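**Student:** Once you've had a glance at the structure underneath, I'll fire off some questions.
The values are calculated or read from the model by the stated rules, or taken from the named source; none is laboratory data. Not measured: the values here are computed from a predicted model. All Cβ positions, glycine included, derive from the backbone under ideal geometry; neighbour counts span all protein chains shown.
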Amino acid sequence: MTSSTPTAPSPSPAAAGAAAPTTSTASTASPSSKPTKQQSSSQSQKPSKPANKSKDAATSGTAAGAPAPADGAPAQLTPAELKKRAKAEKAARRARERAERESGPAGGAPAGAATPGKKDGSGSAAGSTGGGGGSKQLPRRGSAQNTSQNGGGGSVSGTGAAAAGGLEKSGGGSWGSGESKSKKADDKNVAVFGHLYGQQRRTTVAGAGKEVHPAVLALGLQMRDYVVCGSSARCVATLLAFKRVIEAYTTPMGTSLPRHLTTYLSHQITYLSTCRPLSISQGNAIRALKLAISSIDPSTPEAEAKAFLGEFIDSFIREKITVADQVIASSAAQKIQDGDVIVTFAGSSIVKQTLLLAHKQGKKFRVSIIDSRPLFEGKSLARTLANAGLDVQYSLVHGISHAIKAASKVFLGAHAMTSNGRLYSRVGTALVAMSAKERAGGVEVPVIVCCETVKFTDRVALDSIVVNEIADADELITAEPMQQLTGLPDPAAVTASAADAKKGGGGGGGKSAAAAAAAAANAAAESNTLAQSVSSPLTGWKESANLQLLNIMYDVTPAEYVDMVVTEMGSLPPSAVPIVHRMSTNL
Amino acid sequence: MAAATSTSAKPFDIVATYNELLRSDPDLTMPIAAIEALVLLLTHSPSSTISETLDLLEKSTAHLKQSIPNPIGLSAGTDLFQRYLITTLQRPGQLGPAGDFNAIRAHLLSNGRLFIRRAKESRDKIAAFGRGFVRDGSTVLTNGGSRVVASLLQQAAGEKGGPSAVRFRVIYVLSPAKGDVEGSSAEPEGMETVRALREKGVPVATIPESAVAYSLGKADVVIVGAEGVVENGGIVSRMGTYQIGLLAKAMGKPFYVVAESHKFVRLYPLGQYDLPIEQRVIDFKTEEDVADEATQQQQQAQPTPNVKSPDSSDVVDYTPPHLISALITDSGVLTPSAVSEELIKIWF
């Protein structure tokens, strides 16, 4: 700074006065106006600064920038110049937005943690490090801005940088202490999926609106706790709950049922979506229900209208799910032949129905279930199939390459099918499909998806990042199913812990054996004895730095990996999904 | 009435009619022959109610499918006809369920005939669509005895070197003669087309199936016929088409399929061995088995040709959609994925 400030004023009178506005008009794309540059310099000085601070710096920049052209053309401004200034401001705004955007991920990324340290170290010499840091870091940010700093208004940058340095110094301090809490919460979100962290899932019914029906209240918690889990099950449960809502509903005075019921239902829907984001099938069902409500003639007597809606819900469930499932199961079961080894992932109800039906038809085949943490949906499927007399092999997803070697067909359930033919399903599905299609042996295994048309959506998914659902990361820790054989009751373990306790007693002095055991449990990671069964090494992950947990719910399987989609309207290639969706929604 | 139907239906043998139709008209495809046989069946059987008609149709269809070794092509026709009947009968108005059944029947029969005539015309339509794919100076590789391909190539050759004529060459893949048991007198399928093309001045080279990979380098485009187009856009066609498709894909040559839209079948094979027909192509034998068979053949000399002939001539394979560049049909040139759309349009 000390070296840069003397050099800065010399080009400034000429460059800042005249050059800056012209360059800004010349190209808005390369933001060479002073506010921009200042923005970039202040931004580079503190890459992780919060938004309001950057705004401050930017406004100071524009404020400093405004007088500069005023020197060149005092008082009267021609329309062209007004235009120029507007353009410059626009460029500044754009640059500010960009800077904010860039600073966003930097704050979340580990790099963000490194830079404040450096800043703090140089924080005592605030101004100088500000300038130095700026010039040091600029080359990273593109040569256009670098030249603009050299040529563009250096004087303004000097003052601006000083101001920004002052600001930044206080900002750096607060970053370390005051804002640490919110930052820490942010740190726990995996940056790529940052947009998916909405509000936390509701944990209690407390705070729910008074108009939310008890059936819906209960359903919300059931869905949250995966008691009601699976796209079809959630859809059916929602519709049945709404049926009860409609039965209990009375139209208030001065309004009509078709008008008011939709808004009344919206409260229920909002509550449900705070418990867990709605599935595609739920969305489609709700859309159909709302359409049915709005189609009711307002003059219809209320009892009649309610009976109609109850009938509508029943027939919707019957046509779109119950009977559809039967049709799908019977046509998918035709694809199972004697001697087949069917690989399936997690616990799809429609796949279960298909396999049971094929078994009932007397087909001799084996089933290999691939399952994954943390929901272990395949366990109940394995139990049901084994009880029915099928040969079942159960393994987790890391055993996929072994399971797929023997496979002759892969059956998958779906959460949704998108309009580009991709399968949106429980996370891990894509891995299973890929293993089946890219098998090293050469012969590829057909991948069959069983899916009701109510799960079709007109949305398009290119990856599983843009649209997804993030579940509570704590599920990854708490679901600790292993009953360790070498657990605490084991005599060797007891003696080991006793030895630890003795050590603790000898070293620390005055500690009880229990406390020593707890200490040993805490030190489990290094001592590597037994304590995992007591507490997972990941407990307290929120307090430990540099540790993020990601519990993603779904992934997207490319259409090329899917050979066939079995729906109640027939078997289709994935490319036919949009056509069928269009037809089934128009009907 | 039901008794009368059955007695009058008895003399009418649907299988014999179907086979007779196929034999009498060499231009007839299997689905069309099946539809024509069903129309004839309806004219011969004086059924009086809709459900009776449908029932009769269903039974005869099942019977026909069972007695033909490879019912894939045929089932396209019977399914289509049945579907057509049902939609016609469900339509409200004079010809709906409420109307006079005799009128309905007359309507059905006349429409059935119209359908057959249209289906026969579709070949010209396809040729008109497809001739653009045979460019001047190109070399076309084709196989089998597909009549659609033959008509396409002949139309592309034009009328005796007229101004619209395209100069092209043909590499014709000939498989061994049909029913080699009967003797070498029978000529391989497709020889007729070869002669017809040579007559029109198109240079034709005939190669055995084993020379496809060797010759494909000289070809610019592959055009094949199909017995049935399945739901995912793949085709069921005579044995050997799949390997041509694979080779064409490997060499980057466009692979076009020519098929009438009445050959679209509601079938979704997942692979070669998922076709709904029994094909004894791969037949593992030890010396013992061969000896056993020889003694059996000596005991009953008659049935052997019957067993052998479908094996050698009627076997089919399945070409998956990713090997097919486009399907040239009478409803336009379709990508494989558009086939399912067409099928859904027909069926819903």
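**Student:** Here's a check for you: in region B:290-322, which residue that is more than 14 Å from every other protein chain (Cβ to nearest Cβ), crowded, with 16+ Cβ neighbours inside 10 Å and at pLDDT 75 or above is nearest to B:Met30 (Cα to Cα)?
**Tutor:** The selected residue is B:Asp314.
**Student:** Still on this structure, please answer the following. Would you tally the residues in region B:112-147 being within 21 Å of B:Ile207 (Cβ to Cβ), of a type in the set (A, V, I, L, M) and touching a Ser or Thr at 6+ places or on another chain (Cβ under 9 Å)?
**Tutor:** 1
**Student:** Counting just the residues of region B:212-238 that are in a loop (DSSP other than H, G, I, E, B) and away from chain A (no Cβ under 14 Å), which one comes out nearest to the chain's Cα centre (by Cα)? First the steps, then the outcome.
**Tutor:** Start the filter on region B:212-238 by keeping residues that are in a loop (DSSP other than H, G, I, E, B), which leaves B:217-220, B:226-227, B:230-234.
The next check asks that each one be away from chain A (no Cβ under 14 Å); those that pass are B:217-220, B:226-227.
On the way: B:Gly217: 28, B:Lys218: 28, B:Ala219: 25, B:Asp220: 25, B:Ala226: 6, B:Glu227: 3 Å.
Restricting to residues being in a loop (DSSP other than H, G, I, E, B) and away from chain A (no Cβ under 14 Å), the top hit is B:Glu227.
**Student:** Let me ask another. Considering only residues of region B:323-348 that are away from every other protein chain (no Cβ under 12 Å) and either touching a Cys at 6+ places or on another chain (Cβ under 6 Å) or over 10 Å from B:Val229 (Cβ atoms) (or both), which is surrounded by the most Cβ atoms within 10 Å (Cβ to Cβ)?
**Tutor:** Top of the filtered list is B:Ile328.
**Student:** May I pose another question? Listed residues A:Phe345, A:Phe312, A:Phe308, A:Phe316; which is over 35 Å from the mean Cα position of the chain (by Cα) and away from chain B (no Cβ under 14 Å)? Let's see the steps before the verdict.
**Tutor:** Values: A:Phe345 fails: over 35 Å from the mean Cα position of the chain (by Cα); A:Phe312 fails: over 35 Å from the mean Cα position of the chain (by Cα); A:Phe316 fails: over 35 Å from the mean Cα position of the chain (by Cα).
After applying the criteria, what remains is A:Phe308.
**Student:** Is at least one residue of region B:245-268 within 14 Å of chain A (Cβ to nearest Cβ), surrounded by 15 or more Cβ atoms within 10 Å (Cβ to Cβ) and among the β-branched types (Val, Ile, Thr)?
**Tutor:** Going residue by residue through region B:245-268, those that are within 14 Å of chain A (Cβ to nearest Cβ) are B:246, B:264-268.
With surrounded by 15 or more Cβ atoms within 10 Å (Cβ to Cβ) added as a condition, the list becomes B:246, B:264-268.
Add one more test, that the residue is among the β-branched types (Val, Ile, Thr), and what stays is B:265.
Yes.
**Student:** Still on this structure, please answer the following. Answer with yes or no whether A:Ala324 is of a type in the set (A, V, I, L, M, F, W, C) and over 25 Å from A:Val427 (Cα atoms). Even if it seems obvious, please write down each step before you answer.
**Tutor:** Details: of a type in the set (A, V, I, L, M, F, W, C): yes; over 25 Å from A:Val427 (Cα atoms): no.
In short, no.
**Student:** Any chance you could count how many residues in region B:171-220 are modelled with pLDDT under 90, surrounded by fewer than 16 Cβ atoms within 10 Å (Cβ to Cβ), aliphatic (A, V, I, L, M) and more than 12 Å from B:Asn143 (Cα to Cα)?
**Tutor:** Selection size over region B:171-220: 2.
**Student:** Okay, moving on. Determine whether region A:331-350 contains at least one residue that is surrounded by 16 or more Cβ atoms within 10 Å (Cβ to Cβ), in contact with a helix residue (DSSP H, G or I) (Cβ under 9 Å, 6 or more places away or on another chain), in a helix (DSSP H, G or I) and assigned by TED's automatic domain parsing to the domain that holds A:Gly428.
**Tutor:** yes
**Student:** For region B:269-289, give me each residue that is more than 10 Å from chain A (Cβ to nearest Cβ), part of a loop (DSSP other than H, G, I, E, B) and either touching a residue at least 12 places away in the same chain (Cβ under 8 Å) or of a type in the set (Phe, Trp, Tyr) (or both).
**Tutor:** Filtering region B:269-289 down to residues more than 10 Å from chain A (Cβ to nearest Cβ) leaves B:272, B:275, B:277-289.
Checking the rest, the ones that are also part of a loop (DSSP other than H, G, I, E, B) come to B:275, B:277-286.
Answer for region B:269-289, where residues must be more than 10 Å from chain A (Cβ to nearest Cβ), part of a loop (DSSP other than H, G, I, E, B) and either touching a residue at least 12 places away in the same chain (Cβ under 8 Å) or of a type in the set (Phe, Trp, Tyr) (or both): B:Leu275, B:Ile277, B:Gln279, B:Arg280, B:Val281, B:Phe284.
**Student:** Here's a check for you: in region A:540-583, which residue that is part of a helix (DSSP H, G or I) and touching a Lys or Arg at 6+ places or on another chain (Cβ under 6 Å) is nearest to the other protein chains (Cβ to nearest Cβ)?
**Tutor:** Restricting to residues being part of a helix (DSSP H, G or I) and touching a Lys or Arg at 6+ places or on another chain (Cβ under 6 Å), the top hit is A:Ala559.
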